[in-house]
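Report on the following structure.
The values are calculated or read from the model by the stated rules, or taken from the named source; none is laboratory data. As the structure is a prediction and not an experimental result, all values here were calculated from the model. Cβ coordinates were reconstructed from backbone atoms using ideal geometry, including for glycine residues, and neighbour counts include every protein chain displayed.
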Amino acid sequence: MPAPPQPEPIDPAELPELSRAVIREAKFPMLASLDSDQARVRPVSPVRVDADTFTVYVANLRSYHKTGEIAENPKVELCYLAPNHDQLRITGVAEILDNRRLLEEIWESNPLLRRYLGSLENPELIIYRIAPNRIRFMREWALEYHEVPLSTPEN
């Protein structure tokens, strides 16, 4: 039997940039939430990512089932899987974004939101802000996660 592949060693100082690379390459993470006592996962398309703090913003519709799931239990996890199979897991709490300036920036930078929802005032629109309380990176075949240091946003 051939020896298993050996992952390259990781310099802890490189973890933030390796993690940002996974986000850039994967683009569409899976969002995990809890539906009563059943885990649910689905792909999402972030409308903004703050690469410095790993804060991810996800658009949603009030009529979607995950809206109720997140209202009941806002603890969520995003999992990005890059084409080279490196993965990044961002664990956090989904909060409805109410910062008007930031909502307007997101709206203006996303033509698909504007096309499908017509107005930032559309009552169906929710944008969740998922700020990490834990970030883990794993290189393909490593079979172990590395904790990525959390940074705090500047106010």
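Miscellaneous remarks
- Only residues that are over 14 Å from Gly68 (Cβ atoms) and either of a type in the set (A, V, I, L, M) or surrounded by 11 or more Cβ atoms within 10 Å (Cβ to Cβ) (or both) were counted in the range 32-41, giving 3.
- Taking every residue in the range 134-148 that is in contact (Cβ under 8 Å) with a residue 12 or more places away in the chain and pairing it with any residue that is outside any loop (DSSP other than H, G, I, E, B) and among the acidic types (Asp, Glu), at least 6 positions away or on another chain, the pairs with Cβ-Cβ distances below 7 Å are Arg136/Glu147.
- Taken together, the criteria place Glu77 among residues that are acidic (Asp, Glu), in a strand (DSSP E or B) and either buried (at least 18 other Cβ atoms within 10 Å of the Cβ) or on the phi < 0 side of the Ramachandran plot (or both).
- Cβ separations smaller than 7 Å between residues 6+ apart or across chains give the following pairs from the range 73-95 residues that are closer than 15 Å to Glu25 by Cβ to residues that are outside any strand (DSSP E or B) and among the hydroxyl-bearing types (Ser, Thr, Tyr): Leu88/Ser19.
- Scan the range 80-90 for residues that are closer than 17 Å to Ile135 by Cα and not in a strand (DSSP E or B) and the total you get is 3.
- Subset of the range 141-155 that is part of a loop (DSSP other than H, G, I, E, B) and within 17 Å of Glu14 (Cβ to Cβ) - its residue that is modelled with the highest pLDDT: Val148
- Residues of the range 87-140 that turn out to be buried (at least 18 other Cβ atoms within 10 Å of the Cβ), charged (D, E, K, R) and at pLDDT 95 or above, as a count: 3
- Residues of the range 42-64 that turn out to be surrounded by 15 or more Cβ atoms within 10 Å (Cβ to Cβ) and of a type in the set (Ser, Thr, Tyr), as a count: 3
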